[in-house]
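Engineer: One structure is given below, represented as structure tokens, and several questions about it will come after.
The values are calculated or read from the model by the stated rules, or taken from the named source; none is laboratory data. Because the structure is a prediction, the values reported are computed rather than measured. All Cβ positions, glycine included, derive from the backbone under ideal geometry; neighbour counts span all protein chains shown.
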Amino acid sequence: MAGNPAPNKLRPSGPANGEKLSWAVSPSMAFNHFVTSGGSVAVATAITHPLDVLKVRLQMQLVGQRGPLSGMGQLFLQVLKNEGPRSFYLGLTPSLTRSVVYGGLRLGLYEPSKHACDLAFGSTNVLVKIASGAFSGAFATALTNPMEVLKVRLQMNPDKRKGGPILELRRTISEEGVRGLWKGVGPAMVRAASLTASQLASYDETKQILIKWTPLEEGFNLHLISSTVAGILCTLITAPVDMIKTRLMLQRESKTAGGYKNGFHCAYEVLLTEGPRGLYKGGFAIFARLGPQTTITLLLCEELRKLAGLKAI
């Protein structure tokens, strides 16, 4: 008995012993992967959207300058006083639209990518999980970058509230061309790749470690602890890239944020003019948003996957 408990407990890490691997994926399974993933990300996005608005505002403080920065609490009170509570939901429409598509692809492609690697290489180790997460995140962002551009521009400019995302879409295409919708796509893909790789790989690995070395089994407590660990790790890794992505997307909106040639040039300029701390502007807001968002997303996704008859991540 003592030598044989591991196979049952380690089942989440891959196909069960003796299970025949296949490339075949039914349309209903693909649909369930997409819907459970997109739905969970959309709910988490709606809940944490006010923190996303604060994060973008914090990242655009003192562009090209050193100096004291406003904290998240201080900025919250300023926005509430000067713009009203509705300003915390600026850009919500493109944000939700993006979250369904982006989240559906980002999370929905992780398991199939990992499964494909298992078929091709006979392994689902941590490197495979990182690669699967990086691929699904980068691919999803490349497709949905226009919605992210519209979202951050609306969040930064309360005056554009009346026009909404459609008017901002027309304005962007008119002034910058279609290419303007993919502004910052390079750093955005890097961020999404590092976010998904760190988030899902750490969640996956933490679950396996806890299942192996603690009494925890598949369920709420295991998912809560694992998603919290994933939220902390992915925030630390992605905060600088997130800031660079925001700066590039908002070059047109800010007179002081212009002139960045690419993501590397933006990082260099920030380090040169604002110091290393500049790369973590809005860092606490990122964690305050990404930590709970990661937890909500993964908890809800696991429950939806169970209802849809899919295996746990």
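Engineer: So which residues in the stretch 221-254 are of a type in the set (S, T, N, Q) and either under 18 Å from A44 (Cβ atoms) or not in a helix (DSSP H, G or I) (or both)? Working first, answer last.
Structural biologist: Of the stretch 221-254, the ones of a type in the set (S, T, N, Q) are 221, 226-228, 235, 238, 246, 251, 254.
Listed by number, the residues that qualify are S226, S227, T228, T235, T238, Q251, S254.
Engineer: Then there is this: Show the residue pairs that are 6+ apart or on different chains and have beta-carbon atoms under 7 Å apart, the first residue being within the stretch 57-79 and loosely packed, with under 12 Cβ neighbours inside 10 Å, the second being modelled with pLDDT of 75 or more and not in a loop (DSSP other than H, G, I, E, B).
Structural biologist: Short answer, once both residue conditions are applied: Q65/T273; Q65/E274; R66/E274.
Engineer: Quick check on L233: is it under 14 Å from the mean Cα position of the chain (by Cα) and surrounded by 14 or more Cβ atoms within 10 Å (Cβ to Cβ)? Show your work before the answer.
Structural biologist: On the way: under 14 Å from the mean Cα position of the chain (by Cα): yes; surrounded by 14 or more Cβ atoms within 10 Å (Cβ to Cβ): yes.
Criteria met by L233.
Engineer: Answer yes if at least one residue in the stretch 83-91 is surrounded by 16 or more Cβ atoms within 10 Å (Cβ to Cβ), at pLDDT 65 or above and among the polar types (S, T, N, Q), and no otherwise.
Structural biologist: Yes, because at least one residue in the stretch 83-91 is surrounded by 16 or more Cβ atoms within 10 Å (Cβ to Cβ), at pLDDT 65 or above and among the polar types (S, T, N, Q).
Engineer: Let me ask another. Here is a list: G103, G164, G108. Which entry is in contact with a Gly (Cβ under 6 Å, 6 or more places away or on another chain) and modelled with pLDDT under 90?
Structural biologist: Working: G164 fails: in contact with a Gly (Cβ under 6 Å, 6 or more places away or on another chain); G108 fails: in contact with a Gly (Cβ under 6 Å, 6 or more places away or on another chain).
Residue meeting the stated conditions: G103.
Engineer: Looking at (1) in contact (Cβ under 8 Å) with a residue 24 or more places away in the chain; (2) more than 22 Å from the chain's Cα centre (by Cα), can you tell me which one V152 breaks?
Structural biologist: Of the numbered conditions (1) in contact (Cβ under 8 Å) with a residue 24 or more places away in the chain; (2) more than 22 Å from the chain's Cα centre (by Cα), the odd one out for V152 is (2).
Engineer: Turning to a different aspect of this structure: Just the residues that are over 21 Å from E303 (Cα atoms) and at pLDDT 85 or above, please, taken from the stretch 16-51.
Structural biologist: Residues satisfying the conditions are H49, P50, L51.
Engineer: If you don't mind, another one. Can you tell me which residues in the stretch 176-185 are within 19 Å of T246 (Cβ to Cβ) and either of a type outside the set (G, A, S) or modelled with pLDDT of 90 or more (or both)? I'd like the intermediate steps shown before the answer.
Structural biologist: Taking the stretch 176-185 first, the residues within 19 Å of T246 (Cβ to Cβ) are 176, 179-185.
Scanning the stretch 176-185 gives E176, R179, L181, W182, K183, V185.
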